[in-house]
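Reviewing the structure listed below.
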Amino acid sequence: MDTSTYSLSETVTFTQLQRDGYFSIDLFDTPKSKRKNRQYHHQALIDAYYAVIDGGIPVRTACRLYGIPRETLRDRLDGKRSIDCENIGRGTLFTKEEENKLADEVSRMAKCGYFYSCKEITDIATDYCVLMEKRTSDQHLTLKWYRGFFNRWPELQMLYTKRPRKRNILAAAAENKDRFFKEFGDLLDKHDFTFKPNFVFNLHVSVIKTKESQSIGVIGCGSASGIAIPPYFIFQEQETHDNAVNSMNNIPTVVSENGYTSFVFVDYMKNHFIKFLPERTNESVLLILDGFKSHLCVELIGFTKDNNILTLFIPANCDTSLSPIEQCCSAQLQECYDELCLRKIHSNEQICFCDVACEAYNEAFSQEILGEAFVKSGLCSIENNSAV
């Protein structure tokens, strides 16, 4: 007579009754491919968790009643793992709420036509980790995290799967442009921006090339009323920075080896942009900008919400006409800088970058040029210089 008993452990016990009346017991390991990693339901874990938290039941008792491994329940009680996490093994880097914010922002940008590559998304997530002090800048996220991220958010994965092909890009761009103007019109009506052009801003990062063939970034921003926010300079080398600002005071600058990153954008928004906004009482301002990956910064979601700053992204694959500063001011900035440098050379004057760049910025971002740029883009009317 043979009987077999299957236990919940990783072994199978076979019991056989021999002729002499004794039992022989053999233990066999279950193959790894057939082992069950989890032998409890997630709802049982939730019930055990709240039985300890709300009911005051000892951990050992809760584990025995609900069939939960003690360490599994301990990790949830100690906060090492979220009670909502159903994954087996190592926990996710972000909490569910944090990752939800990231997925929402990536989805929002995809609907504007910005489908970031694997490297760009891992760069965005890595910067998010560094800003939250979960990792250092040299601990870059890997392809494994990227795959897990999309597996955890199937709706986002489906959105990227249906991204337009090359032959459909122009049609998709036209559709995104129509959606942009519809959203822009809705914001005008909802927040009464129509006759408040000083509350509608456009931001763009320009580049000034110096006579030493160095490229220095300039964050330029101005309102539809023609009021420009002072420039913010981005240097990639400390030596270049020191030589450029030796005679300047109170000029906002930053040194970033990687150029314009999300860290630079966060610093600009929190320490520069917010200072020059018009006086208001719980009124919102609108910031129009492109979908460069540095602008997708989850860290700024709370900041913009607290300060009533609305963001509207220019659709991808559209011409520069929707960006007033890119269309009119960026080219003017380089021309003004070159012209001022020539004047100083002819008059044998010393050229200090920040002196010349600030003067060129004031000319390129004058009230007349900014106002004309917003009119050309279709974001401002000619009759009353108001947003339309």
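The values are calculated or read from the model by the stated rules, or taken from the named source; none is laboratory data. Keep in mind that what you see is a predicted model, and the values were worked out from it rather than measured. We place every Cβ from the backbone using ideal geometry, glycine too, and count neighbours over all the protein chains shown.
Can you name every residue in region 236-295 that is more than 17 Å from Thr311 (Cβ to Cβ) and among the hydroxyl-bearing types (Ser, Thr, Tyr)?
Selection gives Thr240, Ser247, Thr253, Ser256, Thr261, Thr281.
Just to be sure I understand, how many residues within region 211-226 are among the polar types (S, T, N, Q) and either at pLDDT 85 or above or surrounded by 17 or more Cβ atoms within 10 Å (Cβ to Cβ) (or both)?
So the count comes out to 3.
Which helices (runs of 4 or more DSSP H) sit wholly inside region 287-374 and have at least 1 residues that are under 17 Å from Phe273 (Cβ atoms)?
Here the list reads 300-306, 353-364.
Select from region 227-250 the residues that are at pLDDT 80 or above and not polar (S, T, N, Q) and list them in ascending order.
Matches in region 227-250: Ile227, Ala228, Ile229, Pro230, Pro231, Tyr232, Phe233, Ile234, Phe235, Glu237.
Assess whether Asp189 counts as being of a type in the set (Asp, Glu) and surrounded by 12 or more Cβ atoms within 10 Å (Cβ to Cβ).
No; evaluated as a whole, the condition is false for this residue.
Could you check region 279-291 and list, in sequence order, the residues that are at pLDDT below 90 and of a type outside the set (D, E, K, R)?
Thr281, Asn282, Gly291
Report whether or not Thr122 is of a type in the set (Val, Ile, Thr) and surrounded by fewer than 18 Cβ atoms within 10 Å (Cβ to Cβ).
Working: of a type in the set (Val, Ile, Thr): yes; surrounded by fewer than 18 Cβ atoms within 10 Å (Cβ to Cβ): no.
So Thr122 does not fit the description; no.
On the given criteria, is Ser213 hydroxyl-bearing (Ser, Thr, Tyr), farther than 24 Å from Glu120 by Cβ and either outside the structural domain of Thr281 (by TED's automatic domain parsing) or more than 26 Å from the chain's Cα centre (by Cα) (or both)?
On the way: hydroxyl-bearing (Ser, Thr, Tyr): yes; farther than 24 Å from Glu120 by Cβ: yes; either outside the structural domain of Thr281 (by TED's automatic domain parsing) or more than 26 Å from the chain's Cα centre (by Cα) (or both): yes.
It is true that Ser213 is hydroxyl-bearing (Ser, Thr, Tyr), farther than 24 Å from Glu120 by Cβ and either outside the structural domain of Thr281 (by TED's automatic domain parsing) or more than 26 Å from the chain's Cα centre (by Cα) (or both).
When residues of region 135-170 are filtered for being assigned to a helix (DSSP H, G or I) and either within 17 Å of the chain's Cα centre (by Cα) or not acidic (Asp, Glu) (or both), how many remain? Outline the logic, then answer.
First, the residues of region 135-170 that are assigned to a helix (DSSP H, G or I): 143-152, 154-161, 166-170.
Narrowing further to those that are either within 17 Å of the chain's Cα centre (by Cα) or not acidic (Asp, Glu) (or both): 143-152, 154, 156-161, 166-170.
Residues flagged as assigned to a helix (DSSP H, G or I) and either within 17 Å of the chain's Cα centre (by Cα) or not acidic (Asp, Glu) (or both) within region 135-170 amount to 22.
Val200 - would you say it is in contact with a Phe, Trp or Tyr (Cβ under 7 Å, 6 or more places away or on another chain), within 22 Å of Glu120 (Cα to Cα) and surrounded by 16 or more Cβ atoms within 10 Å (Cβ to Cβ)?
Criteria not met by Val200.
For region 333-348, which residues satisfy the criterion of being touching a residue at least 60 places away in the same chain (Cβ under 8 Å) and among the polar types (S, T, N, Q)? Outline the logic, then answer.
Step one: filter region 333-348 for residues touching a residue at least 60 places away in the same chain (Cβ under 8 Å), giving 333-334, 337, 341.
Hit for region 333-348 is Gln334, nothing else.
Of the residues that sit in region 349-359 and are free of Cβ contacts under 8 Å to residues at least 40 places away in the same chain and of a type outside the set (Asp, Glu), which one is nearest to Gly220 (Cα to Cα)?
For region 349-359, the residue satisfying everything is Val356.
Out of Phe235, Phe276, Phe303, which single residue is in contact (Cβ under 8 Å) with a residue 24 or more places away in the chain and surrounded by 14 or more Cβ atoms within 10 Å (Cβ to Cβ)?
The conditions single out Phe303.
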